[in-house]
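Take a look at the structure set out below.
The values are calculated or read from the model by the stated rules, or taken from the named source; none is laboratory data. Fair warning: this is a prediction, and the values are worked out from it, not measured in the lab. As a convention, Cβ positions derive from the backbone with ideal geometry for all residues, glycine included, and neighbour counts pool all protein chains shown.
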Amino acid sequence: MDRNQQLFERARALIPGGVNSPVRAFRAVGGTPRFVQRAEGAYFWDANGARHIDYIGSWGPMILGHGHPAVVEAVQKAVRDGFSFGAPTEREVELAEEIVKHLPAVEMVRLVSSGTEAAMSAIRLARGATGRSRLIKFEGCYHGHADALLVKAGSGLATFGHPTSAGVPPEVVQHTLVLEYNNVAQLEEAFTRYGNELACVIIEPIAGNMNFVRASVPFMKKLRELCTNHGALLVFDEVMTGFRVALGSAQALYARNIPGFRPDLTVLGKVIGGGMPLAAFGGPRALMEHLAPLGPVYQAGTLSGNPVATACGLATLQQISDPRFFPMLEARTRTLVEGLRGAAEAEGVPFAADHQGGMFGFFLLPQLPANYGEVMKSDAAKFGRLFHGLLDRGIYIAPALYEAGFVSSAHSEDDIAQTVAAAREVFRTLA
Ligand code: PMP
């Protein structure tokens with residue numbers, strides 16, 4: 001009896017596609033999604049009782065693995081004290097302090113419940129604070145499903161984007177310009193034309209929604225200069241990379257290479273909630289004070305700063321603030337990526353990979369892609385075979401070739417060795 005299959009059939013009768021978020025449905029790779037029964041450390045067990053080494057970790061939040069004792073304890077205590085009040089709590093202040101402590105670009109934060117909400121609100125703030133409407137996003141970056149951000153590139157620079165989703169009127173995305181990631185010439189041209197009308201540019205500094213593609217340092221440097229010179233705000237969407245690629249997030253990595261580098265606004269999610277619905281956006285005081293109730297930019301939420309979610313996020317951030325944490329996580333991730341690279345080479349499979357902190361990406365391509373078009377040259381059928389080969393061997397990676405992977409501190413050397421050995425077996429069948 002396949003319980004995953006049974007549950008999927010029940011789910012499909014009631015929930016569109018059987019899932020509450022599309023990529024879970026395995027549409028890109030085929031087969032039956034695994035229904036999770038329970039998780040602990042680096043593993044989850046599906047409805048058939050099969051154990052999987054989990055490299056998704058709730059798509060990023062589970063940086064300590066599942067059920068870390070200190071986090072569980074904090075959450076249990078918080079639950080006993082009440083689930084939600086709709087009134088301020090001390091933990092919201094503590095979490096804000098913890099975030100601000102690690103991000104020099106962030107003087108004030110507003111807590112929300114999802115990355116979508118955080119990105120949408122940051123855009124509204126950027127527009128409200130600048131009094132401008134236009135914005136730039138990059139092809140292959142995802143910033144949640146707010147209408148204005150569900151846009152694909154138009155046919156040329158002169159044209160603004162087209163909606164990527166039904167239900168988004170073209171008028172709603174008429175101010176959104178979509179550019180190619182890492183393309184300096186296109187960026188300069190766009191600023192020459194529209195620079196003084198731009199409220200902001202939103203970017204995933206390491207794009208985890210096209211697997212793992214870094215914005216190059218020269219590209220980021222130019223982007224920062226253009227934004228500053230034209231009075232447009234640079235919005236870093238660090239929902240995925242925040243407290244995941246480094247304690248100071250991706251912005252700290254760029255600051256190492258670009259003196260004085262800072263984004264204007266930062267969007268956070270995932271790790272800061274430790275697996276609970278929690279996200280945030282923040283920036284300098286003068287910008288953040290445009291928000292209600294101080295300023296004219298409206299933003300609100302019944303469950304914002306939820307006491308259980310803040311307890312979970314705070315306990316998670318406290319664990320990862322140990323100075324030994326990131327070097328250890330980085331070393332594990334490197335072992336995994338180098339192991340996979342070695343296995344692919346040994347079996348003659350084209351392979352390129354990159355990683356930072358506890359986040360990684362790999363491509364069945366001879367070299368790392370720099371933008372969405374290059375990512376999409378990947379062989380989807382081959383990726384599907386790799387995915388299922390690994391899944392059959394108890395290794396759970398993202399079921400789509402344009403998603404990043406995540407290592408937690410609960411992944412042991414042994415888990416990683418098992419993963420590499422399984423990958424080598426599967427690579428042999430792909431070569
Ligand atoms: N921004 C980025 C970079 C993301 O990766 C995601 C989600 N994967 C979002 C925003 C949206 O977050 P959420 O799913 O919590 O709405």
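Observations, loosely collected:
- For the residues GLU345, GLU289, GLU338, the requirement of being among the charged types (D, E, K, R) and in contact (Cβ under 8 Å) with a residue 24 or more places away in the chain singles out GLU289.
- When the residues of the stretch 63-104 are filtered to those that are surrounded by 22 or more Cβ atoms within 10 Å (Cβ to Cβ) and assigned to a loop (DSSP other than H, G, I, E, B), the one that is farthest from the chain's Cα centre (by Cα) is HIS68.
- Condition met for ALA42 (of a type in the set (A, V, I, L, M) and in contact with a helix residue (DSSP H, G or I) (Cβ under 6 Å, 6 or more places away or on another chain)): yes
- The sole residue among ALA381, ALA422 that is assigned to a helix (DSSP H, G or I), in contact with a Lys or Arg (Cβ under 6 Å, 6 or more places away or on another chain), assigned by TED's automatic domain parsing to the domain that holds SER21 and without any contact (Cβ under 8 Å) to a residue 60 or more places away in the chain is ALA422.
- Hits in the stretch 195-209 - residues which are under 20 Å from the mean Cα position of the chain (by Cα) and in contact (Cβ under 8 Å) with a residue 60 or more places away in the chain: CYS200, VAL201, ILE202, ILE203, GLU204, ILE206, ALA207, GLY208, ASN209
Listed here are the residues, each with its yes/no results for (1) outside the structural domain of LEU390 (by TED's automatic domain parsing); (2) more than 16 Å from the ligand (Cβ to nearest atom).
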{"residue": "ALA13", "(1), (2)": "no, yes"}
{"residue": "PRO16", "(1), (2)": "no, yes"}
{"residue": "VAL23", "(1), (2)": "no, no"}
{"residue": "ARG27", "(1), (2)": "no, yes"}
{"residue": "ALA42", "(1), (2)": "no, yes"}
{"residue": "TRP59", "(1), (2)": "no, no"}
{"residue": "GLU73", "(1), (2)": "yes, yes"}
{"residue": "VAL79", "(1), (2)": "yes, yes"}
{"residue": "GLY82", "(1), (2)": "yes, yes"}
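- Boolean, SER113 is of a type in the set (Gly, Ala, Ser), surrounded by 15 or more Cβ atoms within 10 Å (Cβ to Cβ) and either over 17 Å from PHE281 (Cα atoms) or under 21 Å from the mean Cα position of the chain (by Cα) (or both): yes
- Test for LEU336: is it of a type in the set (A, V, I, L, M) and either surrounded by fewer than 22 Cβ atoms within 10 Å (Cβ to Cβ) or modelled with pLDDT under 95 (or both): no
- Near pairs, Cβ below 8 angstrom, 6+ apart or cross-chain, from the stretch 110-123 (assigned by TED's automatic domain parsing to the domain that holds THR266) to any residue that is part of a helix (DSSP H, G or I) and near the ligand (Cβ under 10 Å from one of its atoms): VAL112/ALA118; GLY115/LYS270; ALA119/LEU149; MET120/LEU149; ILE123/LEU149
- Filtered by the rule that a residue be among the polar types (S, T, N, Q) and surrounded by fewer than 21 Cβ atoms within 10 Å (Cβ to Cβ), the stretch 236-275 gives a lone residue, ASN257.
- Residue selected from the stretch 300-329 under the condition aliphatic (A, V, I, L, M) and part of a loop (DSSP other than H, G, I, E, B), by the criterion farthest from LEU64 (Cα to Cα): ALA300
- Members of the stretch 115-147 found to be away from the ligand (no atom under 15 Å from the Cβ) and not in a helix (DSSP H, G or I), listed by number: GLY131, ARG132, SER133, ARG134, ILE136
- Any chance GLY60 is on the phi > 0 side of the Ramachandran plot and over 21 Å from the mean Cα position of the chain (by Cα): no
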